[in-house]
1. What's the Cα-based Rg to Rh of segment 46-86, Rh via Kirkwood?
2. Out of every Cα pair in segment 257-331, what percent are spaced more than 16 Å from each other?
3. Going by how many other beta carbons lie within 10 Å of each one, how would you line up 154, 36, fewest first?
4. In the Gaussian network model of the chain, springs joining C-alpha atoms below 10 Å, which of 297, 257, 133 carries the largest mean-square fluctuation?
5. If you consider only alpha-carbon coordinates, what radius of gyration and Dmax does the chain have, in Å?
6. Taking only Cα atoms and a 10 Å spring cutoff, compute GNM fluctuations for the chain and point out the largest among 203, 281, 174.
7. Please quote Rg/Rh for segment 121-191 to two decimal places, taking the Kirkwood radius as Rh and restricting both calculations to Cα atoms.
8. Given a 10 angstrom Cα cut-off, can you work out which residue in 181, 74, 173 is the most mobile in a GNM of the chain?
Ligand SMILES: [Zn+2]
Ligand SMILES: [Zn+2]
């Protein structure tokens, strides 16, 4: 439903961004449907935002009018806690200020990117390299950094075997980035339906998880498994795929707890971990890395009137691989 939202007046350290494209993330759907708790309606979602800076506050030094800019999942943090001071503000101990549905420092509820403009503190604004197609840059701000951060943290690279579970918005970026880092990438998808795509994105191997033989064939294989699926998986089967000191990192977010059989961790000294987006510096590093290597998400651009249909298609895994809203259709 179309409505009018208020943005705060430009503060001295704020930038005003005229939004061009906003990606549709699974989190947007979970949030508006109340899957993750109560929702401060009326709410505008969207945390994969790209556009052009049209105004800057008097003290802004990092950005200029005319710059291509991006905003991801957070727009502020306390800046004082241990994690903020060490450059991991995504793990702010007081909770980072999320791009939507968070209480901003002025007490208002933050509103996301399915809108024409946004006002953001300059420290939480990314530079989007010109070589990345505008519409394709949007999903990098959530799907891109959410997969880049654990791949970088757990040292995906030459000589490492990385498996990506699920080939959706997050998964397809994980494959592209891990392959660009030099890792040997395997996709674990329910079926082989997207095999050609997976190999085109840089995977060397592709297996169907519906086939029990997959879990036999790949036992003790991987240094790192990135699980992008937001439905429960059988943890014993997937942990069994890790070689010694391997780690399974979940970035998908099922609403219900995942039972972890501890004996599956004992063997091969395996780890089960989580990871949440990435810092602003790391997000910039990811954008620059992807620009240098010519990597970008596969997107389907839609008009604002098609958002509800797009949600249904995301829930049915019927998108290759990310919907991006052309915000000009809102003007
Ligand atoms: Zn997201
Ligand atoms: Zn903090």
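Where a number appears in this text, it was derived from the coordinates with a stated rule and is not lab data. Every value quoted in this text rests on a predicted model; they were computed, and no experiment measured them. Reconstructed Cβ throughout: ideal geometry from the backbone, glycine too, with neighbour counts over all protein chains shown.
1. Reported Rg/Rh, Kirkwood definition of Rh: 1.05.
2. 72 percent
3. Least crowded to most crowded, the residues run 36, 154.
4. Among 297, 257, 133, the largest GNM mean-square fluctuation belongs to 257.
5. Just the Cα atoms of the chain yield Rg and Dmax of 19.6, 62 Å.
6. In this elastic network of the chain, the residue with the biggest mean-square fluctuation among 203, 281, 174 is 281.
7. Using Cα coordinates only, the ratio equals 1.02.
8. Largest GNM mean-square fluctuation: 181.
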